[in-house]
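Undergrad: Below is the structure I would like to discuss, written out as structure tokens.
The values are calculated or read from the model by the stated rules, or taken from the named source; none is laboratory data. Since this is a predicted model, take the numbers as computed values, not measurements. Here Cβ is always computed from backbone atoms with ideal geometry, including for glycine, and neighbour counts include all displayed protein chains.
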Amino acid sequence: MTSIVVKRIDSQGRIVLPLSWRRRHNVREVLVVSEGDKLIILPKRPDLTRYFDSIEVDVRSFSDYHELRRELRVKGSEVH
């Protein structure tokens, strides 16, 4: 689904993203990519690569982000 919304940029360069978008993507930070004559706004996702090869976790599937995150928090608190 594509949504297009016209937004004004205030004098300090800020743009307010619609609440429905912020809730749908569940993010508090975004990446703004300048590509040619386009600005692309992408949800910023946590970078889990810093944990690769540093903590052993027991999860059924790496596709379940929430389970992986819980395990990393538990194991990470044991390491630190």
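Undergrad: Modelled with pLDDT under 90 and part of a strand (DSSP E or B): does that describe LEU68?
TA: Details: modelled with pLDDT under 90: yes; part of a strand (DSSP E or B): no.
No, not satisfied.
Undergrad: Could we say that VAL5 is modelled with pLDDT of 85 or more and either touching a Pro at 6+ places or on another chain (Cβ under 7 Å) or surrounded by 10 or more Cβ atoms within 10 Å (Cβ to Cβ) (or both) here? Steps first, answer last, please.
TA: Numbers: modelled with pLDDT of 85 or more: yes; either touching a Pro at 6+ places or on another chain (Cβ under 7 Å) or surrounded by 10 or more Cβ atoms within 10 Å (Cβ to Cβ) (or both): yes.
In short, yes.
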